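Participant: Dropping the structure in here first, questions after.
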Amino acid sequence: MKLKLYNTLGRKKEIFEPLHAPNVGMYVCGPTVYGDGHLGHARPAITFDILFRFLTHLGYKVRYVRNITDVGHLENDADSGEDKIAKKARVDQVEPMEVVQHYLNRYHKAMEELNVLPPSIEPHASGHIIEQIEFTEKIIQAGFAYESEGSVYFDVEKYNNSHHYGILSGRNIDEMLETTRELDGQSEKRRSVDFALWKKASPEHIMRWNSPWSEGFPGWHLECSAMGTKYLGEEFDIHGGGMDLMFPHHECEIAQSTAALGKKTVQYWMHNNMITINGQKMGKSLGNFITLEEFFTGNHPLLTQAFSPMTVRFFILQAHYRSTVDFSSEALQASDKGLSRLMEGYARLQKLKASDTSSIETSGLRAKCEEAMCDDLNTPIVIAHLFDAMKAINLAYDGKANISEIDLNELKSVYQLFIVDLLGLKTENQASGTNEAYKKAIDLLLNMRMEAKQNKDWVTSDKIRNELTAFGFEIKDSKDGFEWKI
RNA sequence: GGUUCGUUAGCCAAGUGGUUAGGCACCGGUCUGCAAAACCGUUUACGGCGGUUCGAAUCCGCCACGAACCUCCA
């Protein structure tokens, strides 16, 4: 079965064929670390984590680069905006790199909690100033950039004469040129569509480096071109990021790389859709975002309860990555319950006893799940298949069906592969399993309750159950015993 | 205004020419001392109007509504 991925270039699903199998190069735009990560940041991280895991499963040797933007990302437009990191540093009265380190640590912690695997390389823009200067020089040499008062700008109109600026986003550059030509009065840029490769620093600008043109800093779009080619080569397989980065960021990246290298650098462009809240994009500028930490603690007016990192992950995976997914506390609660049931089924599967014959059909599950993954990472379909199979597990668990050893092992293997290895869902860290004495104490209490029940001493029986429930335990009676979890 | 994409039941969300998607909730039943859990069954759909077709939620056209991007955003 062949993996098909939706390529934004061309806007259709294409069979994925790496340039240099078994090696795959993948670059994903990471965060600008000037604030806490929110639900929107979890989407690309999880989406491309799934792709990373699946490509690895298919036998590819993946080099996954996810950058950290810690310089050059300006607020407002490229002419007048302040660097986001520098602004935060000024406001908080700390070093810019303290801002970066603080939020990067928190980002890493959140990613770990979401069970997002770390990328192979996580380069910082500020650590690649030399590469970015060299990249700018290449673009100047190729004739697609000009210097103006110590800054360097990409000449979009000239580039568009021989190439296609707008190839990714579908933008019509001629119209943009028409509508903006008159508005440009005294700007140092020739056209307002031109974008900065290097910016001369104003006197109060803290983050600055030497360059052939001025003491300044690199433009935002440049880091991805420079670091992508440095670690993955002048041509590599996959570039991912949020849909909101398609224009101008990725469009500019394509222009820069094509201008400097004279070739198509990225083969497959992939974009995850947005998370919305009341139908609107969740984002910093709208101020309607909920940070990941707030999800994990439940400390936000829109949240009715805390949601575990795995619930957030499952919630995101229940929608296809190219669809918007609308946040609501109600939707997350549904995911929370669904996930519990799925993980319960997974736990029960481990306890099933094999019979001589099978009375349930489980074959084909692996193929169906793989087919869904191969169809542009259709995780909601994978999850639907896993839920289907769970009915069989529960029937067997209740003794209403039999399963042979071969089928049981296959089912265990498939569940392990898709739930744990590929979807990256893990059982929540529980006290159980770590502390034997503690578990035995609870078992003892519940055994006493069993005795009380046999003696029809409902007062004692209910007292034990109710008080344990009040402590946060969940007690379930089964046919010939009990189960509990916290 | 331009570009791109949506609109599927109470909620979330797949599917994209013919066959029950799935989850959550609801309802009925089995089980239970009572619950919970589990299992079985069941209800509510494809924005509107045309067209193509033996057949359209799916393809085409028009309309309505909504979103993202065109400033920074994952």
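Participant: In terms of the Cα gyration tensor, with a ≥ b ≥ c the square roots of its eigenvalues, is region A:277-422 rounded because a/c is under 1.5, prolate because a/b exceeds b/c, or oblate?
Facilitator: Prolate.
Participant: Something else: At 7 Å along Cα-to-Cβ for each site, give me the label-to-label distance between residue A:134 and residue A:469 in nm.
Facilitator: Each label point is offset 7 Å from its Cα along the Cβ direction, giving 6.7 nm.
Participant: Taking θ as phi - 60°, what are the ³J(HN,Hα) couplings along region A:388-402 by the Karplus curve (6.51, -1.76, 1.60), each to the nearest whole Hz, with x for Gly and Pro?
Facilitator: 4, 5, 5, 4, 5, 4, 5, 4, 5, 5, 7, x, 9, 8, 10
Participant: Here's a follow-up. Using a 1.4 Å probe and ignoring any ligands, DNA or RNA, find the accessible area of residue A:325 and quote it in Å² to the nearest 10.
Facilitator: 10 Å²
Participant: Over the heavy atoms of residue A:304, what accessible area does a 1.4 Å probe trace out, to the nearest 10 Å²?
Facilitator: Probe radius 1.4 Å; accessible area of residue A:304 about 100 Å².
Participant: When DSSP beta bridges are limited to those with both residues in region A:1-106, what percentage is antiparallel, rounded to the nearest 5?
Facilitator: 45 percent
Participant: Given chain A reduced to its alpha-carbon atoms as identical point scatterers, what log10 I(q)/I(0) does the Debye formula return at q = 0.08 Å⁻¹?
Facilitator: -0.59
Participant: Which value in Å is the Kirkwood Rh of region A:172-294 over different Cα pairs?
Facilitator: 17.4 Å
Participant: Next question. Amide H neighbours of residue A:198 under 5 Å, counting only residues 5+ apart in sequence or on other chains, H built in-plane at 1.01 Å?
Facilitator: A:152, A:219
Participant: Are any of the pairs A:391/A:440; A:109/A:391; A:453/A:485 more than 26 Å apart by Cα-Cα distance, and if so, which?
Facilitator: Going by Cα-Cα distance, A:391/A:440; A:109/A:391 fall outside the 26 Å limit.
Participant: Take the alpha-carbon positions of region A:190-258, form their convex hull, and give its projected area averaged over all directions (one quarter of the hull surface) in nm².
Facilitator: 6.1 nm²
Participant: If R₀ is 56 angstrom, what is the calculated FRET efficiency for the pair residue A:20 and residue A:441, using the beta carbon separation as r and rounding to 0.05?
Facilitator: 0.45
Participant: Each label point is 7 Å from the Cα along the Cα-to-Cβ direction; what then is the distance between the points at residue A:293 and residue A:92, in nm?
Facilitator: 1.0 nm
Participant: Based on the alpha carbons, how large is the Rg to Rh ratio for region A:4-272 when Rh follows Kirkwood?
Facilitator: Using Cα coordinates only, the ratio equals 0.96.
Participant: Something else now. Rank these residues by their accessible area, most exposed first, probe 1.4 Å: A:191, A:449.
Facilitator: Accessible-area ranking of A:191, A:449, largest first: A:191, A:449.
Participant: Starting from the Kirkwood Rh over alpha-carbon pairs, what translational D in µm² s⁻¹ does region A:436-485 have by Stokes-Einstein at 10 °C and 1.306 mPa s?
Facilitator: For the chosen part, D equals 145 µm²/s.
Participant: Then there is this: Leaving out ligands, DNA and RNA, what percent of the accessible area of region A:277-422 is carbon and sulfur, probe 1.4 Å?
Facilitator: 48 percent
Participant: Go through region A:306-321 residue by residue and turn each phi into a ³J(HN,Hα) via Karplus (6.51, -1.76, 1.60, θ = phi - 60°); whole Hz please, and just put x for glycine and proline.
Facilitator: Whole-Hz 3J(HN,Hα) from phi for region A:306-321: 7, 10, 5, x, 5, 5, 4, 4, 5, 4, 5, 6, 6, 10, 6, 5.
Participant: Give the Cα extents of region A:222-286 along the principal axes, in whole Å, largest first.
Facilitator: 44, 19, 16
Participant: Where does helix A:436-454 land angle-wise versus the long Cα axis of chain A, in degrees 0 to 90, nearest 10?
Facilitator: Rounded to the nearest ten degrees, it is 40.
Participant: Using the C-alpha atoms of region A:338-486, what convex hull volume per residue, in cubic angstrom, is computed?
Facilitator: Dividing the Cα hull volume of region A:338-486 by its residues yields 125 Å³.
The values are calculated or read from the model by the stated rules, or taken from the named source; none is laboratory data. Computed from a predicted model, the values in this text were never measured in an experiment. Backbone-built Cβ (ideal geometry, glycine too); neighbour counts: all protein chains shown. Quick note on the areas: whole protein, heavy atoms, side chains included, nothing else; ligands and nucleic acids left out. Shrake-Rupley method; radii C 1.70, N 1.55, O 1.52, S 1.80 Å.
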